[in-house]
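The structure appears right after this line, and notes come after that.
Each reported figure results from applying straightforward, stated rules to the coordinates on display, with no laboratory input. Everything numeric in this text was worked out from a predicted model, so none of it was measured. So basically every Cβ, Gly included, is an ideal-geometry build from the backbone, and we count neighbours across all protein chains shown.
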Amino acid sequence: MNKNEPPVFIHLWYYLWQIVIFKHNFEELNQAEKYYNVLGLQRGASIDEIKKAYRRCARKYHPDISKSESATELFILSTEAYQFLLTHSNKIESGNSHERDFINEWEEYRKEQARRKAYAHARTRYNNFVNSDLYKSTRVLDKSRFYLGIAFSLLIIILSVNGYICRLRMVDQGFEKPTLAGFLFLLMIGLLFLATSVVFLYHKHWKKNK
């Protein structure tokens, strides 16, 4: 036996410690898996999917709508899952120790806070709940709206350019000459709408798909 080799009990202690760490990490990740299941989602769901899933669950389980005896607890559990995943869904995938700290913090403090908030919302009318900050946080900016924004902005640009050119051609027929300021104003509005829509789509959708 090599004199420089650590004693057997040191090896044994090390392996036992690794088992404890693995079990702890597995339980943390398993808790996250449960939250995905509560909202009917697969692991790795996007923020938009999490928001849409919670809206469905909130309407299904809110005690003001559902008459089921378990409605309150299911509503609270859905809200708990939503608040956890909304904050930590992008942090639990890699599983490093720093990200597991967020899960520990959730278990120690934020989980109970989320349940108290959910319980308060469960006791209100559903119409009041949908006007709350919690429900408003589920709003999703659908990318189809921004495609429509691009189409609308291009329409403004095309109409303003064509309109200005047509008005210039009609000056010889006795019509008043169009103002350049009015043309530039409409053109800038169209370009502003176009730039806003393209920038949003790039950062929120196109960039993620690269």
Go over the candidates Gly163, Gly190 one by one and state the one that is surrounded by 14 or more Cβ atoms within 10 Å (Cβ to Cβ), in a helix (DSSP H, G or I), of a type outside the set (Phe, Trp, Tyr) and free of Cβ contacts under 8 Å to residues at least 24 places away in the same chain.
Gly163
Counting only residues that are closer than 23 Å to Asp48 by Cα and surrounded by 14 or more Cβ atoms within 10 Å (Cβ to Cβ), which one in segment 123-138 is nearest to the chain's Cα centre (by Cα)?
Thr138
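Residue under question is Ile156, and the condition is that it be over 30 Å from Glu49 (Cα atoms) and either part of a helix (DSSP H, G or I) or more than 40 Å from the chain's Cα centre (by Cα) (or both); does it hold? Before the answer, list the steps.
Numbers: over 30 Å from Glu49 (Cα atoms): yes; either part of a helix (DSSP H, G or I) or more than 40 Å from the chain's Cα centre (by Cα) (or both): yes.
Answer is yes for this residue.
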Output the residues belonging to segment 109-141 that are touching a residue at least 40 places away in the same chain (Cβ under 8 Å) and among the aliphatic types (A, V, I, L, M).
Ala118, Ala122, Leu134, Val140, Leu141
Six or more apart or on different chains, Cβ under 7 Å: which pairs go from a residue in segment 172-183 that's closer than 18 Å to Val161 by Cβ to one that's part of a helix (DSSP H, G or I) and of a type outside the set (Lys, Arg)? Could you list them?
Lys177/Val171; Pro178/Tyr164; Pro178/Leu168; Phe183/Ser160; Phe183/Tyr164
